[in-house]
1. Compute the semi-axes of the equivalent ellipsoid of the stretch 203-301, taking the square root of 5 times each eigenvalue of the Cα gyration tensor, and list them largest first in whole Å.
2. Quick one: work out Rg over Rh on the C-alpha atoms of the stretch 101-174, Rh as Kirkwood radius.
3. Sequence neighbours fewer than 8 away in the same chain don't count; with that in mind, list the lysines whose C-alpha is under 20 Å from LYS127.
4. Just to check, using Stokes-Einstein with a Kirkwood Rh over alpha carbon pairs, what's the diffusion coefficient of the stretch 261-399 at 20 °C and 1.002 mPa s in µm²/s?
5. For the stretch 18-133, treating each Cα as an identical point scatterer without solvent, what Debye log10 I(q)/I(0) comes out at q = 0.16, 0.21 1/Å?
6. Report the residue, chosen from LEU186, LEU202, LEU56, that carries the largest GNM mean-square fluctuation when the chain is represented by alpha-carbon nodes joined by springs under 10 Å.
7. If you build the Cα gyration tensor of the chain and take the root of 5 times each eigenvalue, what three semi-axes come out, in whole angstrom, biggest first?
8. Which Rg and Dmax, in Å, describe the Cα atoms of the stretch 321-409?
Amino acid sequence: MNYNQFFRDAVNRLHDERRYRVFADLERIAGRFPLATWHSPNGPRSVVMWCSNDYLGMGQHPKVVGAMVETATRVGTGAGGTRNIAGNHHPLVGLERELADLHGKEAALLFTSGYVSNQTGISTLAKLIPDCLILSDTLNHNSMIEGIRQSGCERQVFRHNDVAHLEELLIAAGSQRPKLIACESLYSMDGDIAPLSKICDLAERYGAMTYVDEVHAVGMYGPRGGGIAERDGVMHRIDVLEGTLAKAFGCLGGYITAKAEIIDAVRSYAPGFIFTTSLPPAVCAAATAAIRHLKSSNWERERHQERAARTKAVLNAAGLPVMSTSTHIVPVFVGNPERCKQACDLLLQEHGIYIQPINYPTVAKGTERLRITPSPYHDDALIDQLAEALVQVWHRLDLPLHATPLAAE
Ligand SMILES: *Cc1c(COP(=O)(O)O)cnc(C)c1O
């Protein structure tokens, strides 16, 4: 038996489907975001990052870096064990309080990542509800799908953001059956937003519980960075809000916030919480600093939206097929995995611009795209340079440009 051959074959299948993934070796430069050094096969080169999920550049903010360094110096690096073994370290307690306050909830619970918070949070909650039916948006993130699968509960999928379809499923399930609606607030590949208020109306009318992933919205939307639910005034109507510390907060970790008894149940029953070492104190302190800063500072949020709008307008005026969105995500349509990868290779090698190709299974086949994420630190010159580079690449690969600019958003 040649076991190695199985793995070689598996990877070759990805090559055949043109979706074998390659990651660039990058080194960010704190204080100069979005600039980074690319350790290319021919040595180090300066590049501009255009696809980071450190959306607001908080990963380099002096308060955040300062809190991390100060805490590591004072209390050391690791957490020293699971919370069952080593107890709660103090920065972790402070961070959970900060998160509960951010979302106006009684309590919060931290996990190793946003992925783990969805996977173990959803599966644990749903398992504790007898005969729970989970209603899940078609475009939910893999971490939610895995959580739903692990719960062993029945699942029905509603069409993306389609509240009429969701209502049909709720009615069919009957008023007696416990139901959990699981969705995201902001879908980060298309950059569209869920109708949270209507979803809450339905949940209340048909007696369902709600679980909302705000990973791509926390820090960036709402007057204090509480996300789309805060912006839309529905935070108090959603049972469980889930978020990450790894995107707009620039650190690492995930969490859920909810009423105290829900959080206590997950804390007590979730294997993905119980059996793994907690986040290190320095990471918790840094995340707390980022959240606190963004609770009171609107500069990052306003500049972020303004930069995204400008990027869309400039790319659109250059004839590039910008997919229409109402958010900070700027998807540019390619529609072919090979071209998508080639476009990204050319951008990096010839223009010093780093954008990862977005191919299947992250998005549906035939909708491959570049996913551009402008930050508050991408200035006009960088945006103009991006537009010129994209137009050259589009010509090189013979990709279609539109002649007249579409109406600006
Ligand atoms: C990135 C992401 C996660 C996972 O968060 P991490 O903290 O990176 O593990 C969860 N949900 C969605 C929608 C995401 O895009």
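1. Values: eigenvalues 102, 91, 17 Å².
Semi-axes, largest first: 23, 21, 9 Å.
2. Working: Rg = 13.5 Å, Rh = 13.4 Å.
Result: Rg/Rh = 1.01.
3. Cα-Cα hits under 20 Å: LYS179, LYS259.
4. 121 µm²/s
5. -1.09, -1.27
6. Comparing LEU186, LEU202, LEU56 in a Gaussian network model of the chain, the most mobile one is LEU202.
7. Working: eigenvalues 234, 142, 104 Å².
Three semi-axes, in Å: 34, 27, 23.
8. So, for the stretch 321-409, Rg and Dmax equal 12.7, 34 Å respectively.
Laboratory data are not the source of any read-out in this text; all were calculated from the coordinates shown. Keep in mind that what you see is a predicted model, and the values were worked out from it rather than measured. Cβ atoms come from the backbone with ideal geometry, glycine included; neighbour counts cover every protein chain shown.
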